[in-house]
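Each remark here refers to the structure printed beneath this line.
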Amino acid sequence: MSTACDTETRWSEAEFRQSLHALEALYWDRHPFHERLHNGRLDKDELRLWVANRWYYQRCLPQKDAAIIANCPLPEVRREWLPRIVYHDGADGSPGGAEKWLHLAEAVGLERAEVVSERLVLPGVRFAVDAYLDFARRRPWLEAVASGLTELFSPGLLSYRLGRMRQHYPWIAEEGFAYFTARIDMVEAEGRSLLDLVVRHAETRAQQQACVDALAFKCDVLSAVLDALDYHTEAGDGRAVR
C-alpha cells in the first residue's frame with residue numbers, strides 16, 4: 001500500500017537538512033532536569049542517580065550500533081560504522097566511552113559494581129532505552145542511523161555541561177570528566193559525517209520523512225529518560241543510591 005510520502009516530491013538536499021536541523025527544538029538540552037543539573041541544584045544523591053541511570057543508555061549504544069551493522073547490506077557503510085562500536089567498548093587495552101562513564105560514576109561516589117548491576121536504573125529510563133534499542137533492531141538501518149543525528153545538537157551542550165559541572169560540583173575529581181573531554185573533541189565532526197551519510201542514502205521522500213521521524217523519536221527517548229529522573233528527584237522519591 002502506498003503512502004502520501006511515496007507520491008510527494010523528494011525534498012532538495014537543503015530542504016532535507018533543514019527539516020532535520022529543525023528538530024533541535026526537541027532536543028533535551030532545555031529539559032528541566034538538565035537545567036537543575038547545570039545550575040548546581042542537584043544534591044550528591046541526585047547527581048549519582050543521574051550518572052547511574054545514564055549508564056544504562058551508554059551501555060546500550062554499542063548494541064544499537066551493532067544492530068545497525070547487522071541490518072545494513074552495504075559494506076562501505078558497515079566499515080564506516082564499525083569504529084563507533086570500538087569507541088564505546090574500547091580496544092587493545094584503551095578504555096572506551098562506556099569505561100570513561102564508569103570513571104565518572106566512581107568520581108561521584110558510586111561503586112562500579114553497583115552501577116553495572118543496574119540496580120539503580122528507574123523503570124521509566126529502562127523502558128525508554130529499551131525502546132531505542134528495539135527501534136534500531138527492527139527498523140531499516142537508515143532510520144536507525146538517522147535517529148543518531150542528535151549528535152548535530154550535542155557539541156554545545158557537552159561543552160556547556162562540562163563547564164557548569166566543574167563550577168557547581170567541584171568535589172568531582174577532574175579525571176571523572178574524561179568522557180566529556182574526549183567526546184567534545186569528536187562529536188561535531190561525527191555529526192557532520194552522519195548527516196552526510198543520511199542525506200546521501202535517503203533517496204525518496206518517504207525515506208527522508210522516515211529519517212525525520214526517527215530523529216524525532218530519538219529526541220522523545222532522551223526526553224523520556226530525563227522525565228523519569230525529574231519525577232523521582234523532584235518528587236523526593238527517597239530512592240537510595242548508596
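Among 42-51, 72-81, how do they line up from the highest to the lowest mean number of other beta-carbon atoms within 10 Å? Walk me through the intermediate numbers first.
Numbers: 42-51: 19.4, 72-81: 13.3.
Per-residue mean Cβ counts within 10 Å order the peptides as 42-51, 72-81.
Would segment 188-230 count as rounded, prolate or oblate if I go by the C-alpha gyration tensor, calling it rounded below 1.5 in a/c and otherwise prolate when a/b exceeds b/c, oblate otherwise?
Details: a/c = 6.41, a/b = 1.71, b/c = 3.74.
Oblate.
Where does segment 1-84 land on Rg(C-alpha)/(2.2 N^0.38 Å)?
Numbers: Rg = 19.3 Å, N = 84, 2.2 N^0.38 = 11.8 Å.
In units of the globular-protein estimate, segment 1-84 measures up at 1.63.
In sequence order, what are the phi-derived ³J(HN,Hα) couplings for segment 46-55 according to the Karplus relation 6.51 cos²θ - 1.76 cosθ + 1.60 with θ = phi - 60°, rounded to whole Hz, with x for glycine and proline?
Per residue, the Karplus-derived 3J(HN,Hα) values read 5, 5, 5, 5, 4, 4, 5, 7, 5, 4 Hz.
Which order do the peptides 117-124, 28-35, 98-105, 146-153 take when ranked by the mean count of other beta-carbon atoms within 10 Å per residue, highest first? Let's see the in-between values first.
Working: 117-124: 15.1, 28-35: 16.6, 98-105: 19.8, 146-153: 22.8.
The most tightly packed comes first, giving 146-153, 98-105, 28-35, 117-124.
Post the alpha-carbon centroid distance, segment 131-156 to segment 42-68, in whole angstrom.
Computed from Cα coordinates, the inter-centre distance equals 16 Å.
Could you work out what % of the accessible surface of segment 13-235 is carbon and sulfur, using a 1.4 angstrom probe and leaving DNA, RNA and ligands out of the count?
Percent of accessible area from carbon and sulfur atoms in segment 13-235: 51.
Only Cα pairs under 8 Å and at least 6 apart count here; give the relative contact order of the chain as a rounded whole percent. Walk me through the intermediate numbers first.
Numbers: 272 pairs, mean separation 82.3, N = 242.
This gives 34 percent for the chain.
Considering all alpha-carbon pairs of the chain, what whole percent are spaced by more than 33 angstrom?
Working: 5521 of 29161 pairs.
The share of Cα pairs beyond 33 Å in the chain comes to 19 percent.
Counting only C-alpha contacts under 8 Å and six or more residues apart, can you give the relative contact order of segment 151-242 as a whole percent? The partial results should precede the final answer.
Values: 25 pairs, mean separation 27.0, N = 92.
Taking the mean separation of contacting Cα pairs over the length of segment 151-242, I get 29 percent.
Return the equivalent ellipsoid semi-axes of segment 35-76 as a descending list in whole Å, where each equals the square root of 5 times an eigenvalue of the C-alpha gyration tensor.
Values: eigenvalues 249, 23, 5 Å².
Ellipsoid semi-axes (Å, largest first): 35, 11, 5.
The values are calculated or read from the model by the stated rules, or taken from the named source; none is laboratory data. From a predicted model like this one, the values you see are computed outputs, not experimental measurements. Every residue, glycine among them, receives a Cβ derived from its backbone with ideal geometry; neighbour counts consider all protein chains shown. When the accessible area is computed, the model is the full protein with side chains, heavy atoms only, and any ligands, DNA or RNA have been set aside. Shrake-Rupley method; radii C 1.70, N 1.55, O 1.52, S 1.80 Å.
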